[in-house]
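To start, the structure itself, in structure tokens.
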Amino acid sequence: MVRSSYILLVAWMACAIAFASSVEQVSMAEVTKGSELIFRGQVLDTRGVREGTTAIFTRVTFQVLEIYKGPKVGNQIELDFMGGKLGTLELTVADMLFPRVSESGIYFVESLKRKQVHPLYGWQQGHFLISKDSSGTERVRTVYNKPVTSILADGPSRAAQSEIIARGVLTSQSTSLEEGMTVNEFKRRIQEIDSAK
């Protein structure tokens, strides 16, 4: 009995595990006001880590380029996202989108103290990408690569959407790099929302 239990445990650990997730759509005001840290950064490295004998996490190292809200955290910060690969083991979490090495973005960190499944507020709702247009102007896109055209504190819910973005984030369906808010426009709007009562 002990031996068969051990074999089942080893088989369970060697297989990919899928966690179901259900991400609630929140307003951009909730994302902004609920984040302890909002920063602009670039992903330097990702690696699998294991906390003791518990779940596998992907540890993402960011270069911090500018802080929009929150405490000074130094030039680099590490955030752990549940799931990923460590040797022959893999843990899969449904709907998890990991930041990728070399990506530039704006990241809304819910808590610097609590270990969470996903450290960004509202999961992908607190994850924005930065790209350059043909003139070199930096523009903001959703994590799904849609240009962000405007930011409101709140907006209507989008039922049955496959790409969950915060209410109040207006996007274009275009894939053109020439569209979207500039990084400075986005920053200014986020800071206005955060300071509003």
Matching residues in segment 164-175 - criterion: being without any contact (Cβ under 8 Å) to a residue 40 or more places away in the chain, in a loop (DSSP other than H, G, I, E, B) and under 22 Å from residue 40 (Cβ atoms): 172
Which listed residue, of 91, 129, is of a type in the set (A, V, I, L, M) and more than 23 Å from residue 27 (Cβ to Cβ): 91
Pairs with Cβ under 9 Å, 6+ apart, first in segment 71-84 and in contact (Cβ under 8 Å) with a residue 60 or more places away in the chain and closer than 22 Å to residue 95 by Cβ, second aromatic (Phe, Trp, Tyr) and part of a strand (DSSP E or B): 82/19; 82/57; 83/19; 83/57
Filtered residues of segment 144-158 (kept if of a type outside the set (A, V, I, L, M, F, W, C) and more than 23 Å from residue 60 (Cβ to Cβ)): 147, 149, 150, 154, 155, 156, 157, 158
Residue, surrounded by the most Cβ atoms within 10 Å (Cβ to Cβ), within segment 162-187, restricted to residues that are within 18 Å of the chain's Cα centre (by Cα) and at pLDDT below 90: 164
Unique match (being surrounded by 15 or more Cβ atoms within 10 Å (Cβ to Cβ), at pLDDT 95 or above and over 19 Å from residue 140 (Cβ atoms)) among 36, 30: 36
Any hit, segment 126-143, residues being among the aliphatic types (A, V, I, L, M), farther than 23 Å from residue 58 by Cβ, buried (at least 19 other Cβ atoms within 10 Å of the Cβ) and touching a helix residue (DSSP H, G or I) at 6+ places or on another chain (Cβ under 7 Å): yes
Restricting segment 45-70 to residues that are touching a residue at least 12 places away in the same chain (Cβ under 8 Å) and among the polar types (S, T, N, Q), the residue that is surrounded by the most Cβ atoms within 10 Å (Cβ to Cβ): 58
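The values are calculated or read from the model by the stated rules, or taken from the named source; none is laboratory data. Computed from a prediction, not measured in an experiment: that's the story for all the values here. Glycine gets a Cβ as well: all are built from the backbone with ideal geometry, and neighbour counts include every protein chain shown.
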